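Enquirer: Dropping the structure in here first, questions after.
Taken together, the values in this text are just the output of simple stated rules run on the coordinates, not laboratory data. Computed from a predicted structure; not experimentally measured. Using ideal geometry, Cβ is built from the backbone for each residue, glycine included, and neighbour counts are taken over all protein chains shown.
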Amino acid sequence: MDQQSQLAVILGSDPVPFETLISHLMSSSNEQRSHAEALFNVCKQSEPDALCLRLAHLLQVCAQPDTRAMAAILLRKLLTRDDSYIWPRLNVSTHSSIKSVLLNQIQVETAQSLSKKLCDTVSELASSILPENGWPELLPFMFQCVSSDSPRLQESAFLIFAQLSQYIGDVLTPFIKDLHTVFLKCLSENSNADVKIAALNAVINFIQCLTSSSDRDRFQDLLPAMMKTLTEALNNGNEATAQEALELLIELAETEPRFLRRQIVDVVGSMLQIAEAESLEEGTRHLAIEFVVTLAEARERAPGMMRKLPQFISRLFAILMRLLLDIEDDAAWHTAEVEDEDAGETSNYAVGQECLDRLAISLGGNTIVPVASEQFLTYLAAPEWQKHHAALIALAQIAEGCSKVMVKNLEQVVSMVLNSFNHSHPRVRWAAINAIGQLSTDLGPDLQNQYHQRVLPALAAAMDDFQNPRVQ
């Protein structure tokens, strides 16, 4: 059968061939899939109206959730403004059918994952046609959904607001007053976790799209309610939602740190509490740490904001040092000469290392060295090898960011490291040698010029440690 005849069947009065075509687009057989893609592309070129209407019809009538989801995805791709953007080629009657089917399906669809795909499709289309007033009924519909009693409709509206803020925020800016009211009401009064997280996403995207700081300031009073979304999720044991909230707040800390300035003590205090809570999942605690480190890094947009909170820096440093203690004395580590370089190291350990490095670079030696010195002394006086190991690893991590201040205190730094060359645990000796390597890079050439008589003999002696190939 030639392509034209196949098209006639696919787009004919019997709906089955079209459904089959869509299911073949999801096929695991390459041959079946590429054949279906070729036919789909011919439909797109020669019968765009029929194709879009058929996909819209599938959304309404098909019993298979996967096929409905695929129809939503395909429709979104067709309506996305790129090289193959077909909206301008469609008839006016097709335009109004598609718009009304999409809004109707958002109201009746019960599967959450499918609702989200419909919201994506609506957002893509709206981002192209709203600026020219091509969908006047959309915003009234969204405000109506937000104030309805249905959590599903509220969530859908917030998902669309979030995406439109990213794509075409200036179209929403005239509604700033109404949006403020809607966001505040939802975050303060709504009890549904999905709705609140969607609202949080919408608020944060909207704040980011506002160009004037006075507009952003109008949303200051939402911050306590935004934080409450996070703490409530944690109190209800809903860590997946809490992690979503943390990821959104990290984005805000990165792009609009000044928005957090007035309430920074409360916000950072809450984050450090989460980071310290051993009952929480590692992933949740790591995100809370990431938030505070991100704020410390926001120097250009909000200089010195974290430096003004010395009690928090010392608390954060202590949290990161504790993460370095999460290391197991893995047998593989001792025997390996090359392989399994990081045997026994955990994700806590990796996060601790990375964040100490970033914190030192962003806050500098004058802020970090006094805090570090105090904590290193305590760690080096402790009996556990893990604490000695942690102090040496931390020293190597902060050297780059604190080099100027450390060069002035070279005597203490070098003595601290060389004393650990004699520790009974090989992992501590290895960490001391590793620290010398790192310090040679970050504190050179001062270290080499002033201390070669002490460092080289210590390294030469360590080469005689035949018991420990890794140290050697």
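Enquirer: Remind me, relative contact order of the chain in percent, using alpha carbon pairs under 8 angstrom and six or more residues apart?
Expert: 7 percent
Enquirer: What does the helix-only formula give at 222 nm for the chain: each DSSP H stretch with n ≥ 4 adding -39500 (n - 2.57), the total divided by the residues, and the result rounded to the nearest 500 deg cm²/dmol?
Expert: -23000 deg cm²/dmol
Enquirer: When Lys and Arg each count +1 and Asp and Glu each count -1, what net charge do the other residues less than 14 Å away from GLU232, Cβ to Cβ, add up to?
Expert: My count for the surroundings of GLU232 gives -2.
Enquirer: Need the C-alpha centroid separation for the stretch 111-163 versus the stretch 435-472, integer Å.
Expert: 62 Å
Enquirer: What are the extents of the Cα atoms of the stretch 327-471 along their three principal axes, listed from largest to smallest and rounded to whole Å?
Expert: Reported extents, whole Å, longest axis first: 40, 37, 27.
Enquirer: Below 21 Å, Cα to Cα, which lysines can LYS196 reach? Residues fewer than 8 away in the same chain don't count.
Expert: LYS116, LYS117, LYS177, LYS185, LYS228
Enquirer: So what is the relative contact order of the stretch 1-105, in percent, for Cα pairs below 8 Å that sit 6 or more residues apart?
Expert: Relative contact order, the stretch 1-105: 23 percent.
Enquirer: Let me know the longest stretch in the chain that avoids all chymotrypsin sites (Phe, Trp or Tyr not before Pro) found in a DSSP loop with at most 15 other C-beta atoms within 10 Å.
Expert: Within the chain, the longest run free of exposed chymotrypsin sites (Phe, Trp or Tyr not before Pro) spans 86-465.
Enquirer: Something else: At 20 °C and 1.002 mPa s, what whole-number value in µm²/s does Stokes-Einstein give for the translational diffusion of the stretch 142-191, with Rh from the Kirkwood sum over Cα pairs?
Expert: Estimated diffusion coefficient is 192 µm²/s.
Enquirer: Please say if the stretch 90-191 is rounded, prolate or oblate, where rounded means a/c under 1.5 for a ≥ b ≥ c the square roots of the C-alpha gyration tensor eigenvalues, and otherwise the choice is prolate for a/b larger than b/c and oblate otherwise?
Expert: Oblate is the answer for the stretch 90-191, as a/c is 1.5 or above yet b/c matches or exceeds a/b.
Enquirer: Aspartates and glutamates within cross-link reach of LYS99: Cα-Cα under 16 Å, excluding same-chain residues under 8 positions apart?
Expert: Result set, ordered by chain and number: ASP49, GLU109, ASP120, GLU124, GLU132, GLU137.
Enquirer: Still on this structure: Over its Cα atoms, what ratio of radius of gyration to 2.2 N^0.38 Å does the stretch 1-105 give?
Expert: This ratio for the stretch 1-105 stands at 1.02.
Enquirer: Give the separation of the Cα centroids, the stretch 182-239 to the stretch 1-47, in Å.
Expert: 44 Å
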